[in-house]
Amino acid sequence: MEMTESSSSNGTPIRPKMSPSAQVVDPIKTLDKNGQEIKTVGFQRFGFDSEVPIDVLRSLYLRSHYVLSAPVEKVEELDAKEIADHARFTQGLNAYQSKSIYHPDTNTISYTTLSRFPPVKLLPPSERKRILVTGGAGFVGSHLVDRLMLLGHEVTVLDNFFTGSKTTVSHWVGHPNFEMVRHDVVEPFMIECDQIYHLACPASPPHYQFNAVKTVKTSFMGTLNMLGLAKRTKARFLISSTSEVYGDPEVHPQHEDYWGHVNPIGPRACYDEGKRVAETLTYGFHRQDGVDVHVARIFNTYGPRMNPHDGRVVSNFIVQALRGEDLTVYGDGKQTRSFQYIHDLIDGLIALMNSDETRPVNIGNGDEFTIGEFAELVREIVEKVQREDGVLPARRVQIVYKPMPTDDPQRRRPDTTRAKESLGWQPRWTVRMGLEEMVRYYKAKMAEGSI
């Protein structure tokens with residue numbers, strides 16, 4: 001395959017040209033809520049350009065887990081259909097992909113480094129930011145790192161890998177604009193930077209309840225250390241807060257001026273109250289020391305790279321359905337949730353960081369589902385993907401109901417009026433669009449033996 005690398009006059013990466021002999025594969029097409037095809041994510045707003053082609057991003061988060069498979073003795077005999085399937089996700093970006101091979105006969109994997117790094121924008125020094133991302137190897141952090149790297153900024157990832165994984169950002173290791181540091185934010189950290197995205201904290205119940213004291217300590221001490229760094233370096237500071245600060249809300253939908261309804265001594269309090277005190281600390285530094293702060297209250301988010309074992313409803317349902325297991329719904333299934341896709345969240349975080357909005361901002365999708373309805377939707381999409389791939393399950397999975405966990409909120413849906421008015425942001429991805437992409441991600445992970 002012949003390839004040439006090029007970029008536009010403004011530095012935007014252009015996909016390499018393939019020779020006429022290369023196999024032409026239909027790309028994945030995604031339509032937004034208005035029926036328009038999504039070709040890019042991000043936008044140019046508040047003097048910061050966050051727009052990148054969606055197929056370049058997909059080649060990082062989908063293709064990096066679509067490992068080719070072959071018997072150990074016949075490494076060169078790669079399956080033609082598998083290569084064609086991968087081409088749907090890489091769309092001519094093969095030169096920038098790892099050539100890892102999975103050997104199903106011995107359940108081993110042969111890793112290799114990237115052939116080349118994906119093309120990143122070449123920014124003048126005046127526009128290139130030095131950006132610190134704590135928790136950058138986690139689910140949300142890794143997608144933010146991908147976006148910031150493709151945009152041409154210098155990114156340092158800080159992570160202790162309690163819930164994060166090196167594999168989510170390993171495709172950037174060695175890049176001159178990238179640095180990864182194993183560090184716990186509970187301890188002070190010194191660096192020069194222009195922006196700090198403070199995402200570090202376990203966010204799923206099994207992980208934050210594993211060591212409740214450590215979770216509170218991370219929320220308080222970690223935020224204290226990063227705010228101290230922002231004060232010293234005069235960096236912009238964004239903290240990822242959560243819809244959990246509203247607890248089990250008595251107001252619906254939840255707006256930013258609602259103070260919440262939280263149990264301060266329940267099993268979820270280490271996370272809920274930890275994030276509430278982190279917000280208190282953030283505004284203390286803002287009022288007392290003039291630190292430029294931004295608070296994002298993130299609602300339920302899903303997408304590729306979610307830990308399949310973290311107990312969240314989206315990953316639980318998809319993995320159960322792919323394995324042919326019955327879907328487990330807790331309670332009567334009438335409790336509601338709203339789900340936003342990861343690309344919408346990253347758009348919102350970057351817009352908030354570069355805006356002048358210092359009040360808390362809800363970032364979430366207002367489309368509300370009951371958990372029962374959501375289980376049926378996941379089952380339908382998994383069956384659709386299995387049909388398309390010619391895999392017929394032995395039986396149709398059923399939906400089973402179990403007792404409700406303690407302090408599980410009944411209703412959760414954001415009022416995103418402030419985000420629309422202040423940031424010009426609103427979700428573009430429907431739940432159905434994102435779910436199909438996530439089902440294919442988990443299906444590939446299961447095929448390569450990593451789930």
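The values are calculated or read from the model by the stated rules, or taken from the named source; none is laboratory data. Treat the numbers as computed from the prediction; the structure is a model and nothing was measured. Quick reminder, even Gly has a Cβ in these numbers, built from the backbone with ideal geometry, and neighbours come from all protein chains shown. Please note that ligands, DNA and RNA were not included when accessible areas were found on the heavy atoms of the full protein model with its side chains. Shrake-Rupley method; radii C 1.70, N 1.55, O 1.52, S 1.80 Å.
Please state which one of Asp146, Asp184 is part of a loop (DSSP other than H, G, I, E, B) and either among the charged types (D, E, K, R) or modelled with pLDDT of 95 or more (or both).
Asp184
When only residues in the range 336-349 that are in contact with a Lys or Arg (Cβ under 7 Å, 6 or more places away or on another chain) and open to solvent by less than 10 Å² (accessible area, probe 1.4 Å) count, which is nearest to Leu199 (Cα to Cα)?
This residue is Ile346.
Of the residues that sit in the range 378-402 and are of a type in the set (Val, Ile, Thr), touching an Asp or Glu at 6+ places or on another chain (Cβ under 9 Å) and not in a loop (DSSP other than H, G, I, E, B), which one is nearest to Leu435 (Cα to Cα)?
The selected residue is Ile381.
If the requirement is being touching a Gly at 6+ places or on another chain (Cβ under 9 Å) and closer than 22 Å to Asp332 by Cα, which of these qualifies: Val378, Val397, Val431?
Of the residues listed, the single one that is touching a Gly at 6+ places or on another chain (Cβ under 9 Å) and closer than 22 Å to Asp332 by Cα is Val397.
Being within 30 Å of Pro405 (Cα to Cα), open to solvent by 60 Å² or more (accessible area, probe 1.4 Å) and assigned to a loop (DSSP other than H, G, I, E, B) narrows it down to one of Phe161, Phe210, so name that one.
After ruling out the rest, the residue left standing is Phe210.
For the range 314-335, how many residues are open to solvent by 40 Å² or more (accessible area, probe 1.4 Å) and of a type outside the set (S, T, N, Q)?
6
Do we have Tyr197 as crowded, with 18+ Cβ neighbours inside 10 Å and closer than 15 Å to Ser219 by Cβ here?
no
Can you pull out every residue in the range 391-409 that is modelled with pLDDT of 80 or more, aliphatic (A, V, I, L, M) and closer than 24 Å to Pro205 by Cβ?
Val397, Ile399, Val400
Determine whether the range 348-369 contains at least one residue that is more than 14 Å from Ile399 (Cα to Cα) and touching a Gly at 6+ places or on another chain (Cβ under 6 Å).
Yes.
Would you point out the residue of the range 28-41, among those that are of a type outside the set (D, E, K, R) and in contact with a Lys or Arg (Cβ under 7 Å, 6 or more places away or on another chain), that is least open to solvent (accessible area, probe 1.4 Å)?
Among those that are of a type outside the set (D, E, K, R) and in contact with a Lys or Arg (Cβ under 7 Å, 6 or more places away or on another chain), it is Ile38.
Pairs only if they're at least six apart or on different chains, beta carbon under 6 angstrom, first in the range 165-193 and within 24 Å of Pro304 (Cβ to Cβ), second surrounded by 15 or more Cβ atoms within 10 Å (Cβ to Cβ) and of a type outside the set (A, V, I, L, M, F, W, C); list them, first residue then second.
These pairs meet every condition: Thr168/Ser142; Thr168/Arg305; Val169/Ser142; His171/Ser64; Asn177/Glu154; Glu179/Thr156.
Given the criteria open to solvent by less than 10 Å² (accessible area, probe 1.4 Å), of a type outside the set (D, E, K, R) and closer than 16 Å to Ser240 by Cβ, does Gly152 qualify?
no
Restricting to the range 203-254, what's the tally of residues that are within 16 Å of Val186 (Cβ to Cβ) and of a type in the set (Lys, Arg)?
Residues that pass the stated criteria total 2.
Could you please let me know if Val133 is of a type in the set (Val, Ile, Thr) and surrounded by 24 or more Cβ atoms within 10 Å (Cβ to Cβ)?
Spelling it out, Val133 is indeed of a type in the set (Val, Ile, Thr) and surrounded by 24 or more Cβ atoms within 10 Å (Cβ to Cβ).
Could you please tell me which pairs satisfy a Cβ distance under 6 Å, a separation of 6+ or placement on different chains, a first residue in the range 413-435 that is outside any loop (DSSP other than H, G, I, E, B), and a second residue that is small (Gly, Ala, Ser) and crowded, with 22+ Cβ neighbours inside 10 Å?
Pairs that qualify, where the first residue is outside any loop (DSSP other than H, G, I, E, B) and the partner is small (Gly, Ala, Ser) and crowded, with 22+ Cβ neighbours inside 10 Å, are Pro414/Gly364; Leu423/Ala351.
For residues that are among the small types (Gly, Ala, Ser), open to solvent by less than 20 Å² (accessible area, probe 1.4 Å) and not in a loop (DSSP other than H, G, I, E, B), tally how many sit in the range 258-288.
Adding up the residues that qualify gives 3.
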